[in-house]
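The values are calculated or read from the model by the stated rules, or taken from the named source; none is laboratory data. This one's a predicted model, so the numbers in the text were calculated from it and none came from an experiment. Here the Cβ is made from the backbone with ideal geometry for all residues, glycine too, and neighbour counts use every protein chain on show. To get the accessible areas, we keep the full protein, side chains included, count just its heavy atoms, and leave off ligands, DNA and RNA. Shrake-Rupley method; radii C 1.70, N 1.55, O 1.52, S 1.80 Å.
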Amino acid sequence: LKPPKRHKVVAARPPAAGSTGRKGWDCMASSEGGLGLLGPHPLIRHASGEKLKLEKEGLELLQRADAPIHVVFTIGGSRCGKSTACNALALGNDPQASGFVTGDTFDPVTMGVDVAVRLLPGGGSLIIADTEGAFHICGSSQSARGFGALGLLAYHLSSAVLHVSMGSIDERDIEVLGFLAAAAAAGRDASSGSKPGSSAPQLKAPEEVPMLVLLVNGARFDLGDSVARRLLRPPNPGDQEAGRWSARAAIARGFRGKPALVSLPACSHAAYWIKVDDLRSRLLEAPPAMLPSGLQATGADIADRLVEILDVLNGAEPGGAVPREPEPATEALYRSAHLEPLVEEISRKFAAAGAAGEPPSMDEHLAKFDDRIANLTGGSGSGSGAGGGAPLREGLVADMRSRLAGRLAAIGEAQARGRQLQNSAARGASDQAAAAAADAAEKKSLSLLEASFQELEEQLEQACRAAEREVAQLKEHFLGIQQHHGSMSEKDDGHHRSLAESTKGVLDGHLNRLREVTKSRQRSFAEQVAASSEAIAAMEEELQALSEMLPDAARLTTPLVEIRESLEEGRLRRNAAGTRAAATVDGHVKKLKEAVEEECSSLTALRDMAQSRLAEQMEDLRVCLGQERSQREERHGALVAVADRLRVSLETSADMREQPVASMRELRLGRGGRRGCCGTSPEPDPS
């Protein structure tokens with residue numbers, strides 16, 4: 001389950017300037033004061049043992065409602081839009097509001113009952129209760145085949161019951177509504193026929209039966225009140241169709257007036273909120289909640305009534321006098337086909353044994369019932385497995401066994417009373433002889449009885465004389481009262497006569513004034529009629545003058561016809577010219593389209609050819625670059641080898657050249673020394 005949203009009190013936006021709002025429902029305020037929405041809050045939750053638990057915050061919310069109060073409970077199948085409908089009724093078209101929790105998954109969302117209170121603009125409150133859905137395979141077991149105890153609660157507390165379905169309405173909806181109405185009627189009959197000293201809680205009938213409104217969300221067909229009348233038409237006495245008559249008769253008896261049928265489109269439809277407003281107006285047409293005294297119920301009265309209903313529902317047994325859900329079809333078949341014939345057979349055998357004079361044993365016949373059930377279920381109550389017999393539920397078998405025991409006990413008591421009557425008849429014959437002997441003794445006591453009778457007559461005469469004296473006194477007192485009453489009547493007659501005279505004078509004065517007003521109005525009306533006649537005559541004269549001033553229509557007919565024909569001819573020419581121009585333009589457009597297609601194809605071919613040539617040239621250039629790179633690498637290697645050889649040769653030649661230079665330098669140095677010694681300057685070194 002999705003986590004529920006945080007409930008809060010929502011303040012609505014104020015209406016725009018100059019707008020009257022949507023039937024006054026946009027005028028909403030917070031809970032601190034004014035109009036607004038209170039809640040929603042949880043009201044009822046499921047407890048252990050098929051009990052219902054009342055939530056404190058929801059009960060306090062009900063107590064804050066103001067009279068007059070309209071109570072609306074939504075019931076129906078699960079996942080059909082009940083919470084969405086409640087939000088639409090309570091919040092209106094307010095996207096920022098937070099209301100009842102909704103979901104978009106298969107799992108059920110609402111558990112128990114949630115409630116919100118809308119304070120109406122004109123005074124009063126609308127209580128909207130969102131009830132958990134029925135028939136859901138993953139929902140509550142207490143509403144698997146119907147509305148259960150929550151449906152009975154909705155019926156006894158609502159002023160209008162809103163049944164919600166999705167897409168359409170079918171026979172299952174009619175059947176469960178008929179069962180709800182019949183169960184509520186059975187509860188009323190049980191409470192009215194209960195013993196005065198009974199301590200068991202009884203479900204009291206509501207002061208007014210609720211109104212029934214059928215709502216179809218996302219309707220696929222055109223639905224309305226006419227369809228509702230045809231679907232739920234009260235049956236005629238001579239037309240009782242099997243399987244359908246009872247449900248419709250129960251609905252006609254159990255709900256107020258004629259049920260209404262309303263269809264809502266999707267939430268995004270333009271007419272959705274208009275339909276919601278109509279639905280809200282219909283729900284508010286139902287009479288408000290009333291008290292037995294005839295006064296309007298307050299929120300505290302509604303809360304007390306809810307507590308009383310819950311006490312009765314929690315105190316009653318699930319299978320008691322008021323059924324909460326329809327019996328499963330499979331169990332009904334097993335009951336009628338197997339269990340009830342078995343109970344009837346054992347009861348007949350028990351009665352036959354008692355009539356034969358044999359004292360029947362209830363335990364033996366109950367043991368026979370248990371043996372037959374064991375054989376019927378294949379030795380197990382569940383009947384699992386192939387060929388395991390009828391799968392009878394243990395609770396169903398126990399219910400039928402208790403009924404059989406009660407029936408056997410009733411038969412035994414009836415037979416015992418019959419035997420007692422026979423024995424008393426036999427004793428009566430022997431008592432007649434004893435009665436004859438007692439007659440003689442009775443005759444002797446007759447004289448004593450006559451004496452006592454005379455004494456009683458004397459006492460009675462004395463009592464009669466005392467009563468006559470008291471009656472005479474009462475007559476005198478009564479005459480005095482009559483005289484006083486006569487005097488008071490005369491005074492009252494005088495007052496009445498004076499009052500009648502004054503009333504007659506007032507009426508005469510009013511009649512005179514009324515006659516004067518009538519005469520003055522007649523005079524003014526006659527004057528207005530005369531003035532209107534004169535104005536009409538003047539207008540007729542002006543109209544005559546205007547008609548004379550207008551040109552002759554007969555003389556203008558021929559030119560108008562010629563002009564119309566010329567306009568028609570021009571229109572035809574323009575249409576023909578337009579058609580030719582359109583054909584010419586279409587031809588040019590077609591040629592341009594073909595030329596554009598040819599250009600496109602040629603451009604495509606050119607692009608493909610350019611791409612292929614560019615790819616080839618790139619490949620050739622890549623090959624040439626590879627060859628050039630290899631050649632340059634070879635040249636670089638050759639140059640490096642040449643440079644190495646040249647370096648080696650230069651180094652060798654340099655070494656060979658340094659030796660003769662050194663020797664020549666030494667020689668020159670020697671010659672210079674000698675020249676110096678001779679007084680001559682040495683020659684400069686050419687190096």
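Taken as a whole, the condition of being modelled with pLDDT of 60 or more, part of a loop (DSSP other than H, G, I, E, B), touching a helix residue (DSSP H, G or I) at 6+ places or on another chain (Cβ under 9 Å) and surrounded by 15 or more Cβ atoms within 10 Å (Cβ to Cβ) applies to residue 203.
A single entry from 147, 135 fulfils the requirement of being out of contact with any His (no Cβ under 8 Å at 6 or more places or on another chain) and at positive phi: 135. The single condition from (1) modelled with pLDDT of 80 or more; (2) closer than 27 Å to residue 71 by Cα; (3) surrounded by 17 or more Cβ atoms within 10 Å (Cβ to Cβ) that residue 295 fails is (3).
Let's see how each residue does on (1) over 21 Å from the mean Cα position of the chain (by Cα); (2) at pLDDT below 90:
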| position | (1), (2) |
| --- | --- |
| 237 | yes, yes |
| 258 | no, yes |
| 263 | no, yes |
| 303 | yes, no |
| 307 | yes, no |
| 327 | yes, yes |
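Counting only strands (runs of 3 or more DSSP E) that sit completely within the stretch 35-121, zero hold 1 or more residues that are free of Cβ contacts under 8 Å to residues at least 24 places away in the same chain and touching a Ser or Thr at 6+ places or on another chain (Cβ under 7 Å). Taken across the stretch 545-552, residues that are open to solvent by 80 Å² or more (accessible area, probe 1.4 Å) and not in a helix (DSSP H, G or I) do occur, with at least one present. The listed residues are 658, 628, and the only one of them that is of a type outside the set (Gly, Ala, Ser), assigned to a helix (DSSP H, G or I) and at pLDDT 90 or above turns out to be 628. Given the options 555, 613, name the one that is surrounded by 10 or more Cβ atoms within 10 Å (Cβ to Cβ) and in a helix (DSSP H, G or I). Result: 613 is the single residue among 555, 613 that is surrounded by 10 or more Cβ atoms within 10 Å (Cβ to Cβ) and in a helix (DSSP H, G or I).
No other residue among 526, 500 is in a helix (DSSP H, G or I), modelled with pLDDT of 80 or more and hydrophobic (A, V, I, L, M, F, W, C) apart from 526. Whether a residue is farther than 23 Å from residue 275 by Cβ and surrounded by fewer than 22 Cβ atoms within 10 Å (Cβ to Cβ) was assessed, and residue 134 does not pass this test.
Rundown of residues vs (1) open to solvent by less than 60 Å² (accessible area, probe 1.4 Å); (2) at pLDDT 50 or above, yes/no style:
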residue	(1), (2)
6	no, no
25	yes, no
44	yes, yes
52	yes, yes
56	no, yes
59	yes, yes
68	yes, yes
87	yes, yes
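Might you check whether a residue that is closer than 24 Å to residue 264 by Cα, surrounded by fewer than 23 Cβ atoms within 10 Å (Cβ to Cβ), under 13 Å from the mean Cα position of the chain (by Cα) and β-branched (Val, Ile, Thr) occurs anywhere in the stretch 73-84? Yes - at least one qualifying residue is present in the stretch 73-84. Within the stretch 328-350, being open to solvent by 60 Å² or more (accessible area, probe 1.4 Å) and in contact with a helix residue (DSSP H, G or I) (Cβ under 8 Å, 6 or more places away or on another chain) holds for 338, 340, 349.
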